[in-house]
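Values in this text are rule-based calculations from the coordinates and carry no lab data. Since the model is a prediction, treat every value here as computed from it, not as a measurement. Here the Cβ positions follow ideal geometry from the backbone for every residue, glycine too, while neighbour counts run over all protein chains shown.
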Amino acid sequence: MARVPRQSDVIPKTIEVTERRFNSRSFSSPFVLIAVFLGLVAIGTILLMAPFSHHENALSNLPVALFTATSAVTVTGLTLVDTAEHWTKMGQFVILCLMFVGGLGFMSLAAFSLAILGQRVSIRQRLLIRESLGREELGGLRLLSISIVTTAVGIQLVGAVALFSRFIFKYDLMEAIWYSVFHSISGFNNAGIFVFSEPGGFSYFQNDPIVLMMMGVLIILGTLSYLVIGDVVTKRRFKLFSLTAKIVTSMTLILIFVSAGMFLISEGNNMGTIGSLSFAEKMYVALFESISGRTAGFTTIDYSMARPATDVFMSVMMFVGGASGSVAGGIKVTTFLVIILSILAVINERPHVSVFGREIDAATARRSYAVLIVSFGFIIIGVFLLALTNNALPLSDVIFESVSAYGTVGLSVGTARELNIIGQLIITMMMFVGRIGPLIIGLRMVPNRESETYRSASETVTIG
């Protein structure tokens, strides 16, 4: 005769299942990514404070180490000190590692390591990897992580070799190798940190179109995202690209040339920036500034000498940023285009938003507006706090620095180094939020697949 199970036999199993589900959801929460990035920043700060990382005899200044570690992990590029002079080669190596891991993504590296070691990627790990990559599918994440790491490392190696072929004629062998590797990683990851010892830093190469072209290509590849690069390489023909790849590639080209044209109009006769250069030099400097100024932060000019019009349109470009899933910050070019198209659809009284013969669903448009408003809100809060704690600084400079920090770009008019301790901490928080915030916003707004059981009665509200 079979024994009838007692209630006490069933309850523990129910609790076990509940705990397992809770732990899985907790592990896969996007907020775990915040803990991961905070851990990277903490490790970087400790290493940069150590005596072997800087030229001081004691521990490094905590705010400087924290600011630099956050800037490297978030691939922003804002600095409080001269990287080449303040940090030793070991300190620069720490910064290089932070840029590499921060740009590539800790979870991509973790999944790659598990795959190389032959370890099985659990469901919990797949959930977190999926969220770090901004995808909804669980399948193929292991191969995708391997592809991302190998592609990124391959591009950076090729970039280092290309830069070395130029730097070997300017520096000795070991210095040329170091400069090539460091700036290839910094360029592809859009970090904007350089270690050149020449006065003026990267502006030393203002008259070297070859170096600017190499760095420009690395920056563009970093802004496209790995999925778009894969789409372009495998399909090759524009009409065969996915809708995302079509939007990203077309918008990237449009923004580059529009920004370059605006830069030439604004700075063409400014003797403090490019006014003294020849027309050809003005052209390739403007092109490089339009590429780097939107996402990376390398610059060949002194932005404290730039005109207000330049600050305005470059702030807009920094706010837009690069592609989703790339190393670039900002609200992303896809979000920007969807917002523009949805506004035009409303103006023209069209019920649907479409581009390249494809309709964009209403949920995507709503999420795009949410990303725009929340990101703009973060910047407003940052500007207010900086203006409140550093009221001697011009408001225009505070706005420019805030947008640069949130967009993880790194362009600066020199304001960051003039901030007090509180202001430096505010910029540090903005860099961190700018790197993590848009990802968390996007993940938390993934539509709930469960049908709604209750909806309120609708009523028209007057607007405009």
> For residue 355, which sequence-distant residues (separation of 5 or more, or a different chain) have an amide H within less than 5 Å of its own amide H, given hydrogens modelled in the peptide plane?
Replying inline: 360
>> With a cut-off of 8 Å between alpha carbons and a minimum separation of six or more residues, what is the relative contact order of the stretch 27-443 in percent?
In response: 17 percent
> Relative contact order, percent, of the stretch 201-294 when contacts are C-alpha pairs under 8 Å separated by at least 6 residues?
Replying inline: 32 percent
> In a solvent-free Debye calculation with one equal scatterer on each Cα, what is log10 I(q)/I(0) for the stretch 292-353 at q = 0.17, 0.20 Å⁻¹, listed in the order of the q values?
Replying inline: -0.68, -0.81
> Based on the alpha-carbon gyration tensor of the stretch 27-443 and its eigenvalue square roots a ≥ b ≥ c, which shape applies: rounded if a/c is under 1.5, prolate if not and a/b is larger than b/c, or oblate?
Replying inline: rounded
> Among 217, 195, which comes first, then next, by fewest other beta-carbon atoms within 10 Å?
Replying inline: 217, 195
>> 5 Å is the cut-off here: which amide hydrogens, built 1.01 Å from N in the peptide plane, fall below it relative to residue 54, excluding neighbours closer than 5 in sequence?
In response: 88
> Stokes-Einstein at 20 °C, 1.002 mPa s, Kirkwood radius from Cα pairs: D for the stretch 221-308 in µm² s⁻¹?
Replying inline: 149 µm²/s
> Got a sec? How would 197, 315 order by Cβ neighbour count within 10 Å, fewest to most?
Replying inline: 197, 315
